[in-house]
1. Which residues, taken from region 181-199, are within 16 Å of ligand 2 (Cβ to nearest atom) and either assigned to a strand (DSSP E or B) or touching a helix residue (DSSP H, G or I) at 6+ places or on another chain (Cβ under 6 Å) (or both)?
2. Restricting to region 200-211, name every residue that is out of contact with any helix residue (DSSP H, G or I) (no Cβ under 7 Å at 6 or more places or on another chain), near ligand 1 (Cβ under 10 Å from one of its atoms) and either within 15 Å of residue 285 (Cβ to Cβ) or in a loop (DSSP other than H, G, I, E, B) (or both).
3. Of all residues being within 21 Å of residue 148 (Cβ to Cβ) and touching a strand residue (DSSP E or B) at 6+ places or on another chain (Cβ under 8 Å) in region 63-83, which is farthest from ligand 2 (Cβ to nearest atom)? Just the residue, please.
4. Mind listing whichever residues of region 1-22 are assigned to a loop (DSSP other than H, G, I, E, B) and in contact (Cβ under 8 Å) with a residue 12 or more places away in the chain?
5. I'd like the full set of residues that are on the phi < 0 side of the Ramachandran plot, surrounded by fewer than 22 Cβ atoms within 10 Å (Cβ to Cβ) and within 18 Å of the chain's Cα centre (by Cα), limited to region 150-180.
6. Could you say which residue among 247, 262 is in a helix (DSSP H, G or I), in contact (Cβ under 8 Å) with a residue 24 or more places away in the chain, within 16 Å of ligand 2 (Cβ to nearest atom) and out of contact with any strand residue (DSSP E or B) (no Cβ under 6 Å at 6 or more places or on another chain)?
7. Within region 43-62, does at least one residue satisfy the condition of being out of contact with any strand residue (DSSP E or B) (no Cβ under 7 Å at 6 or more places or on another chain), over 13 Å from residue 117 (Cα atoms) and within 15 Å of ligand 2 (Cβ to nearest atom)?
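Please treat every number below as a calculation from the coordinates, not as lab data. What you see is a predicted model; the values in this text were computed from it and never measured. Note that we place each Cβ from the backbone using ideal geometry, even for glycine, and neighbour counts take in every protein chain shown.
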Ligand code: ADP
Ligand code: MG
């Protein structure tokens, strides 16, 4: 996933059992990427993107990721949109980080949106009603973290850190609550806030992560095809990492006030930081700091 993942387990259990569980946990990152990558022409997602106007049976994993993506698209009024792939390619995000190869999809989307993606739960199949390029980059990592977290469920205390997105359970090896730093969006290496949580995911979308060649960065407003420049980082705390990951991207695109409204509506906590470094936090977030 072009990021570093670390897994920590604190448990009074056999080391071999812990290491085996950690291996299985890491395996989910590879598996989710294999199914959901836009950059791999042989991924299940790419094969789906190439088929239109007929139902394509997909794996339960891909179906679930798409299902959640569409729910977040719906609740964010389309600020979050898993059909943003063509716009991402147009902004230069078309390179497989492993091979360095440029990958452009065959499908060229014109005015398509998440509404053109139809799921059928009974047959676990997906129909794309228009040419479009699916992109699950905003939630796939969170989804992999949740699957990885399930492998660690036998142990009381664990932490998964995937490029700064965090999923923790219980407490740390010192018996203290897990302490999570939220990066300062403008001072590399500095923290803006530190919060303590147990049994929760904390995910951040920031404009500092991946700058685009053409200016802007890796989060796009599906309405304009450009990077929003109102918000510089959005952090969400939720029970599931996929939800925190997706809502962080959605809140980033919506802007501070509409982003906070979304977090209230979804019953999660978070912190949105604007370009002027004004901080908009839910009351629950402020209480964790
Ligand atoms: P990170 O990958 O740094 O954790 P995000 O979770 O915000 O950051 O995901 C950014 C990725 O989400 C982009 O690389 C792209 O694949 C995808 N994306 C960009 N804009 C949107 C959007 N408006 N809706 C859904 N997905 C998006
Ligand atoms: Mg995200």
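1. Filtering region 181-199 for residues within 16 Å of ligand 2 (Cβ to nearest atom) gives 182-183, 185.
Matches in region 181-199: 182, 183.
2. So the first thing to find is which residues in region 200-211 are out of contact with any helix residue (DSSP H, G or I) (no Cβ under 7 Å at 6 or more places or on another chain), and the list is 200, 206-211.
Applying the additional criterion that residues be near ligand 1 (Cβ under 10 Å from one of its atoms) yields 206-210.
The answer is 207, 208, 209, 210.
3. Applying the first criterion (within 21 Å of residue 148 (Cβ to Cβ)) to region 63-83 yields 63-69, 72.
From what's left, touching a strand residue (DSSP E or B) at 6+ places or on another chain (Cβ under 8 Å): 63, 66-67.
On the way: 63: 19, 66: 15, 67: 16 Å.
Among them, the one singled out is 63.
4. Initial filter on region 1-22 (assigned to a loop (DSSP other than H, G, I, E, B)): 1-4, 11-14.
Answer for region 1-22, where residues must be assigned to a loop (DSSP other than H, G, I, E, B) and in contact (Cβ under 8 Å) with a residue 12 or more places away in the chain: 1, 2, 3, 4, 11, 13.
5. As a first pass, look at region 150-180 and keep what is on the phi < 0 side of the Ramachandran plot: 150-162, 165-169, 171-174, 176-180.
Pick out the ones that are also surrounded by fewer than 22 Cβ atoms within 10 Å (Cβ to Cβ) and you get 150-151, 153-157, 159, 161, 169, 171-174, 176-177, 179.
If the condition is that a residue be on the phi < 0 side of the Ramachandran plot, surrounded by fewer than 22 Cβ atoms within 10 Å (Cβ to Cβ) and within 18 Å of the chain's Cα centre (by Cα), then 150, 159, 161 are the ones that fit.
6. Details: 247 fails: out of contact with any strand residue (DSSP E or B) (no Cβ under 6 Å at 6 or more places or on another chain).
On inspection, the qualifying residue turns out to be 262.
7. There is no residue in region 43-62 that is out of contact with any strand residue (DSSP E or B) (no Cβ under 7 Å at 6 or more places or on another chain), over 13 Å from residue 117 (Cα atoms) and within 15 Å of ligand 2 (Cβ to nearest atom).
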